[in-house]
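Q: Next up is a structure, given as structure tokens.
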Amino acid sequence: MFSRLPPVTKGLLIANGLMFLLQSLFGDEQFSALALWPLGIEGNLLSQGFLPWQLLTYAFLHGNFMHLAFNMLTLAMFGSQVEYVWGQRRFLTFYLVCVAGAALCQLVVGWWTLSHGGEAYPTLGASGGIFGLLLAYGLLFPNQRVMLLFPPIPMKARTLVILYAVAELLFGLNGWQPGVAHFAHLGGMLFGWLLIRYWSGKPPFGRKRRSVGKFKVVR
């Protein structure tokens, strides 16, 4: 199965796996400057605090093996299909935009939390990019039947995306899963949706864009 994966998906799997191995060998504190730290916390190159490259690097760190395994399984299952349709360059662009968009949303949430007397923590994990890929898969293959792992219920891809989005919004607003960056997940989906609208030449970005061509939808 791994040998049949498209190159960018395979490269992302390898990069995330290698970073997790390094975390396991040297400890998470050695990579603290790569995690996404909230705005408003003072820091420098060697200590806690926000740094620009964290908008992307946080997505290659994971908290534990199950965190890594879930994200990478989802990347292999759904990301590979999106890459086959879009090609390497557009797929990688989309993934990184979703990662950065999720980070921006998380920075806003962290800043708001700190400004209202709450506590904010560093963020890590590829989930923002993964949720963006879930959205793309649901738009490309809306009627494709997929299966939830827990519970094992078959449904259309479009339904799966809607359920995930609603669940993340509810969890984020009610704080039912503390320690999980629900609004970062939603941010990945939001920026992915905006990028697809931009490529398609649809509002709020105007009409057809000759430079990138038509967005392909497979039904």
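Q: Which members of region 1-24 meet the condition of being buried (at least 17 other Cβ atoms within 10 Å of the Cβ) and not in a helix (DSSP H, G or I)?
A: Within region 1-24, Leu5, Pro6 qualify.
Q: Please determine whether any residue of region 188-207 is in a loop (DSSP other than H, G, I, E, B), in contact with a Gly (Cβ under 8 Å, 6 or more places away or on another chain) and either under 23 Å from Gln81 (Cβ atoms) or at pLDDT below 90 (or both).
A: Yes: one or more hits.
Q: Name the one entry in Phe131, Phe150 that is of a type in the set (Phe, Trp, Tyr) and modelled with pLDDT of 95 or more.
A: Step by step, each of Phe131, Phe150 is checked, and only Phe131 is of a type in the set (Phe, Trp, Tyr) and modelled with pLDDT of 95 or more.
Q: Still on this structure, please answer the following. Residue check: is Gly129 over 16 Å from Val161 (Cβ atoms) and of a type in the set (Gly, Ala, Ser)?
A: No.
Q: May I pose another question? Tally up the residues in region 96-121 that are in contact with a helix residue (DSSP H, G or I) (Cβ under 6 Å, 6 or more places away or on another chain) and farther than 19 Å from Ala35 by Cβ, please.
A: Counting residues in region 96-121 that are in contact with a helix residue (DSSP H, G or I) (Cβ under 6 Å, 6 or more places away or on another chain) and farther than 19 Å from Ala35 by Cβ gives 1.
Results for (1) without any contact (Cβ under 8 Å) to a residue 12 or more places away in the chain; (2) aliphatic (A, V, I, L, M), shown as yes or no for each residue.
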site: Met19; (1), (2): no, yes
site: Phe31; (1), (2): no, no
site: Phe50; (1), (2): no, no
site: His62; (1), (2): no, no
site: His67; (1), (2): no, no
site: Phe70; (1), (2): yes, no
site: Met77; (1), (2): yes, yes
site: Gln81; (1), (2): no, no
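Q: Return the residues of region 25-52 that are modelled with pLDDT of 90 or more and loosely packed, with under 11 Cβ neighbours inside 10 Å; say none if nothing qualifies.
A: Leu25, Phe26, Gly27, Pro52
Q: Related question: Assuming His62 fulfils every condition listed in (1) part of a helix (DSSP H, G or I); (2) buried (at least 16 other Cβ atoms within 10 Å of the Cβ) apart from one, which condition is it?
A: (1)
The values are calculated or read from the model by the stated rules, or taken from the named source; none is laboratory data. Computed from a predicted model, the values in this text were never measured in an experiment. As a convention, Cβ positions derive from the backbone with ideal geometry for all residues, glycine included, and neighbour counts pool all protein chains shown.
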